[in-house]
Amino acid sequence: MDTMLEHELPRCSGAGLCLILAFGAVSSLSANAAEPDWPEAWFEPARTASQFGIDSFSQSPLLEGQGLPPVERRLPDDPVVVVPLESVGVYGGTARIIADDRTMFISPEGLFTISPDHKTILPNLAESWTYSEGGRRLTVRLRRGLKWSDGQPMSADDVLFAVNDLQLNSGFMPVTLPDFIGLRLHAVDPWTLVFDFPEPDPFFVNYVAQSPELFLMPKHYFRDFHPDYATAEEIDARMEEMGFSSWSAFMMTSMQMRLFPDLVNQPTLRAFQIESLTPDLYTYSRNPYYFKIDPDGRQLPYIDAVEAQDVRENEVAVAKASTGQLDFAGVRLPTQDIPLLKLGERNSGIKVNIWNRLHGSDLSIQANMNYADERKRALFNDVRFRRALSMAINRDEMNEIIYFGRGTPRQVTVIPESDYFEPEFATAWARFDVDAANALLDEIGLVDIDGDGMRELPDGERLTLTVEYVDTETPKQVSMELVTSYWNAVGIDARQRLIDRELQYSRAIAGELEMTVWHADRTTDILFPINPDFWAPRKLAASLAMWSEWSRWYLTGGDLGEEPPPDIRRLQLWADELATTMDSERRVELGKRILAANAENVWTIGTVGLAPQPVVTSNRLRNVVESGLWGWDTRYTMAYHPATWYLDQ
């Protein structure tokens, strides 16, 4: 481990010199990076109290005298044991975070969870599962004695409610989510569920692990807001009181854990339950019925309370994190501010941990191959043009300027740990070669007719490219400033324009964006096999603007959109088979075919991926990994057991 993470920076005078020294500290981290030394137990199904020989349990002193049942009656029949990273912790304290980090500090709990290897699914609320009927049936067995935070039993009814009464109910979900189409679910008993699929679905467990909110809702609470269990008059009165236009809007807001007053009443399975909401501060208290313990038999979590401040500006979050006002921060900390954050290690009682984002590339640059302008459409469908755009980009320079040399210049593909990865998928057409780019552009017939240094289309009109995008999650604006400058250097008049998320969504779905940019997640073995959407047109989304008409044709069975050419149609068929075959070797073969096609054809252009993500912790917060994988695929911190974090008072 690099000593610059452990010790103060050298003394310096002047902000400029300090930033230079901090930059040097950041740059040096990659040289001495070591393999993480994490508990082996994290990579295996969690053992239980009986397997550990634990027969007595204890709780936080905070819970004493609150009129609760004894801790052994609040825990499940055989509690799950979580091995902490460094050591068992101490009870107590209030952690300080910002609201956007609340799902990182208070991780979701679902039937299954995700291993730190970023590919293995492990039991969680479920103790086991088995596939049968050639992959068309999944039987899930729940742990016995689980309880919601209000003490009510958690059972198969809560899964049935979330799936049958919500996801498969057209009154709640007018358009069924793809992974629920054709699904049938029934319970054998209160602890055994059977999912039946129209086709084999080997990755359904991935979906359940990654999106647990879709599969669990406390029926005993929400039934009073559902038309199958309450009268229309009762529901209307409740919705009017809470300010919702419909029961479905209320349910969706609850499922997504958006902050609104009724959230304080809703039971949870997470380590913390929300206790109070004010305009500026959200307070959470420990869940007295949480189902996990440490190896000493102490109920988790260790921390008693969490205060989440409503901070909506990155600059404010960086200032608070760098001056020791937060115990944990990540979401609103830009890569570019790592040097500033590193300065805070000197006197502010913090540690700047450098994780890596799981994005295959921070930019997925997309040219709309279904664009209405026939001249642009022909150009965007010419692989020579896409290759030229790619080779005109100086990824090494971008890596140094934006990421302090800590990212990886690469195309849009899966992470190196993936079973589907091959090195050439990341490097194809990614070399910086201006001469080769210019030669391809000349070959296409894009030449400078009027001598102004910019290329014209064959009909004599100036070639312009307009890239419209939302500047969110990754450093898109500074990246695109560099990218457009590289394209200008090879004679392409490239322009960029920021738009809002709603406009991005509507125009991407409609196929109206000429070019756009998104960030390429879904690159781990958790989500890539389910959603290989950057590499095969099967979905309409704000993040996918290069082939919306081919996706529409696929989604409507050919009723709408445009039939794709044979090479694109093959991608769709490969992706379909990848999602359904129970043959693991065939899955890898299909996944690699899809990624190899992108490497050859550059359907989407990448820049720099696996980029550094600052995660700042206070010196008093313990058991947090120093380096991890940060991103949506693995729900950020889920694999690193935040319930075991504690405050060393």
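The values are calculated or read from the model by the stated rules, or taken from the named source; none is laboratory data. Note that the structure is predicted; figures quoted are calculated from it, not measured. As a convention, Cβ positions derive from the backbone with ideal geometry for all residues, glycine included, and neighbour counts pool all protein chains shown.
Here are the numbers for this structure:
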read-out	value
Wholly within the range 86-177, strands (runs of 3 or more DSSP E) carrying at least 3 residues that are at pLDDT 95 or above and in contact with a helix residue (DSSP H, G or I) (Cβ under 9 Å, 6 or more places away or on another chain)	94-98, 112-114, 126-132, 137-142
Top-ranked residue of the range 431-461 - restricted to ones that are of a type in the set (Val, Ile, Thr) and touching a Lys or Arg at 6+ places or on another chain (Cβ under 8 Å), ranked as surrounded by the fewest Cβ atoms within 10 Å (Cβ to Cβ)	VAL447
Those residues of the range 604-649 which are under 30 Å from SER364 (Cα atoms), more than 17 Å from the chain's Cα centre (by Cα) and of a type in the set (S, T, N, Q), in sequence order	THR604, THR607
Some residue of the range 560-567 being within 23 Å of the chain's Cα centre (by Cα) and farther than 30 Å from LYS292 by Cα	no
Number of the condition not met by ARG332 [criteria: (1) free of Cβ contacts under 8 Å to residues at least 24 places away in the same chain; (2) of a type in the set (Lys, Arg); (3) outside the structural domain of THR413 (by TED's automatic domain parsing)]	(1)
Strands (runs of 3 or more DSSP E) fully within the range 416-528 counting 1 or more residues that are of a type in the set (Val, Ile, Thr)	464-469, 515-520
Only listed residue being touching a residue at least 12 places away in the same chain (Cβ under 8 Å) and not basic (Lys, Arg), chosen from ALA378, ALA372	ALA372
Per-region count, the range 48-74, residues in contact with a Phe, Trp or Tyr (Cβ under 6 Å, 6 or more places away or on another chain) and either outside any helix (DSSP H, G or I) or outside the structural domain of PRO301 (by TED's automatic domain parsing) (or both)	1
Residue, surrounded by the most Cβ atoms within 10 Å (Cβ to Cβ), within the range 219-276, restricted to residues that are in contact with a helix residue (DSSP H, G or I) (Cβ under 7 Å, 6 or more places away or on another chain) and of a type in the set (Val, Ile, Thr)	ILE274
Residue list for the range 387-430, filter: closer than 30 Å to ARG586 by Cα, buried (at least 18 other Cβ atoms within 10 Å of the Cβ) and of a type in the set (D, E, K, R)	ARG387, ARG410
Meets criteria (under 30 Å from LEU540 (Cα atoms) and out of contact with any helix residue (DSSP H, G or I) (no Cβ under 9 Å at 6 or more places or on another chain)) for ALA372	yes
Criterion (at pLDDT 95 or above and within 20 Å of TYR469 (Cβ to Cβ)) met by exactly one of ALA378, ALA392, ALA388, ALA430	ALA392
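Here is a yes/no grid of residues against (1) under 22 Å from LEU177 (Cβ atoms); (2) of a type in the set (A, V, I, L, M); (3) at pLDDT below 95:
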| residue | (1), (2), (3) |
| --- | --- |
| THR466 | no, no, no |
| SER485 | no, no, no |
| ASP493 | no, no, no |
| GLU502 | yes, no, yes |
| GLU514 | no, no, no |
| VAL517 | no, yes, no |
| ASP525 | yes, no, no |
| ASP533 | yes, no, yes |
| LEU544 | yes, yes, no |
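Per-residue answers, yes or no, for (1) in contact with a helix residue (DSSP H, G or I) (Cβ under 6 Å, 6 or more places away or on another chain); (2) within 12 Å of ALA508 (Cα to Cα):
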residue	(1), (2)
LEU544	no, yes
TRP550	yes, no
TRP553	no, no
GLU563	yes, no
ASP567	no, no
GLN572	yes, no
ALA579	no, no
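For (1) out of contact with any Asp or Glu (no Cβ under 8 Å at 6 or more places or on another chain); (2) of a type outside the set (Phe, Trp, Tyr); (3) closer than 29 Å to ALA575 by Cβ, each residue gets a yes or a no:
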position: GLY151; (1), (2), (3): yes, yes, no
position: THR176; (1), (2), (3): yes, yes, yes
position: PHE197; (1), (2), (3): yes, no, yes
position: LEU216; (1), (2), (3): no, yes, yes
